[in-house]
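Scroll down for the structure; my scribbles are underneath it.
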Amino acid sequence: MSRIDLFKEHLSAKRAVKIIAGIDNFDIDNVKKVVNAAQASGASAIDICADETIISEVRSMTDMPIFVSSIVPSELVRAVELGADAIEFGNFDVLYKKGISFTKEQVLSLVDETIEMLGSDRVFFSVTIPGEISIADQIDLARSLEERGIDLIQTEGHFSADSQADGVRGLMERAELTISNTIEITRNVEIPVMTATGINPTTAPFAFAAGASAIGCGSCINKMNSEISMIATAKQLVEIAIRNSEKIAELV
């Protein structure tokens, strides 16, 4: 059984949890802590940046499925050569902070370029649908990705530098858009959907209720200072995902 098969099994059972170190996180010490938390919690996969040193280091320390995220086709292809089990085109938050955004046409063009560069070395391929484009364009993009044989779609919300409300309300406000995008996209494609942006132990149940087969969780873990807290939070997320799978199994 290949490493990615674990993630695929969890995806099929609608209990996949991808722990995200960050597309722009080049702090190797922090990345190692995030990987350790993901591994200790029984998460389904870890998602890291496309830095070659970090990819090699993480590959040497874990047999977990490794996603590598980038918006540069050549970096994604190189990641596969270095041992990545899956590639993720997207995780655009870092670009939004710089005032950069993507259209559906740009995403499709870069995805096509990546597929062409991979050739026969096709690997599990996930694509983030920009949360900044209209829902009509998101659905159209999702359908086009499905036609291309993409394995997983990741939804996201809208980046905002504005201050948020305190407590649970603030957590829900950040996750609201990505959850609504999940509902719309799962109604229009057959391939599995992962919900990301603002997903944490408070909002994760809503993502699964919206139809997600997986959740992508980053800042609620990688921004923590304590590795113990990282592990505890990751375990909470995995437990939520397992409960979702159990509920679905009871209904079958």
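The values are calculated or read from the model by the stated rules, or taken from the named source; none is laboratory data. From a predicted model like this one, the values you see are computed outputs, not experimental measurements. Positions of Cβ are backbone-derived with ideal geometry, glycine not excepted, and every protein chain shown enters the neighbour counts.
Residues that are of a type in the set (S, T, N, Q) and loosely packed, with under 13 Cβ neighbours inside 10 Å were ranked within the stretch 110-149; the one that is nearest to residue 92 (Cα to Cα) is 134. Scoring residue 142 on the criteria (1) assigned to a helix (DSSP H, G or I); (2) in contact with a strand residue (DSSP E or B) (Cβ under 8 Å, 6 or more places away or on another chain); (3) closer than 19 Å to residue 67 by Cα leaves a single failure, condition (3).
Scanning the stretch 122-144 for residues that are closer than 16 Å to residue 75 by Cβ and touching a helix residue (DSSP H, G or I) at 6+ places or on another chain (Cβ under 6 Å) yields 123, 127. With respect to residue 75, determine if the residue is within 14 Å of residue 24 (Cα to Cα) and either aromatic (Phe, Trp, Tyr) or at pLDDT 95 or above (or both). Criteria met by residue 75. Among the residues of the stretch 5-17, the ones that are surrounded by 23 or more Cβ atoms within 10 Å (Cβ to Cβ) and out of contact with any Ser or Thr (no Cβ under 6 Å at 6 or more places or on another chain) come to 0 in all. Within the stretch 13-42, residues that are closer than 20 Å to residue 212 by Cβ reach partners that are at pLDDT 95 or above and of a type in the set (Asp, Glu) with beta carbons closer than 6 Å, at six or more positions or on different chains, in the pairs 18/47; 20/47. Taking the stretch 55-73, which residues are hydroxyl-bearing (Ser, Thr, Tyr) and surrounded by fewer than 21 Cβ atoms within 10 Å (Cβ to Cβ)? Of everything in the stretch 55-73, those that are hydroxyl-bearing (Ser, Thr, Tyr) and surrounded by fewer than 21 Cβ atoms within 10 Å (Cβ to Cβ) turn out to be 56, 60, 62. Consider only pairs whose beta carbons are under 7 Å apart and that are at least six residues apart or on different chains; among these, list those whose first residue lies in the stretch 142-164 and is more than 21 Å from residue 10 (Cβ to Cβ) and modelled with pLDDT under 95 and whose second residue is polar (S, T, N, Q) and assigned to a helix (DSSP H, G or I). Close Cβ pairs satisfying both conditions: 157/178. Within the stretch 225-245, one or more residues are among the acidic types (Asp, Glu) and either without any contact (Cβ under 8 Å) to a residue 12 or more places away in the chain or buried (at least 22 other Cβ atoms within 10 Å of the Cβ) (or both).
Can we say residue 97 is among the basic types (Lys, Arg), surrounded by fewer than 23 Cβ atoms within 10 Å (Cβ to Cβ) and free of Cβ contacts under 8 Å to residues at least 60 places away in the same chain? The answer is no for residue 97.
The residue pairs whose first member lies in the stretch 171-194 and is touching a residue at least 24 places away in the same chain (Cβ under 8 Å) and polar (S, T, N, Q), whose second member is crowded, with 16+ Cβ neighbours inside 10 Å and assigned to a helix (DSSP H, G or I), and whose beta carbons are closer than 6 Å, counting only pairs six or more residues apart or on different chains, are 188/139.
Selection over the stretch 21-54 of residues that are touching a Phe, Trp or Tyr at 6+ places or on another chain (Cβ under 8 Å) and either closer than 26 Å to residue 97 by Cβ or surrounded by fewer than 23 Cβ atoms within 10 Å (Cβ to Cβ) (or both) gives a count of 7.
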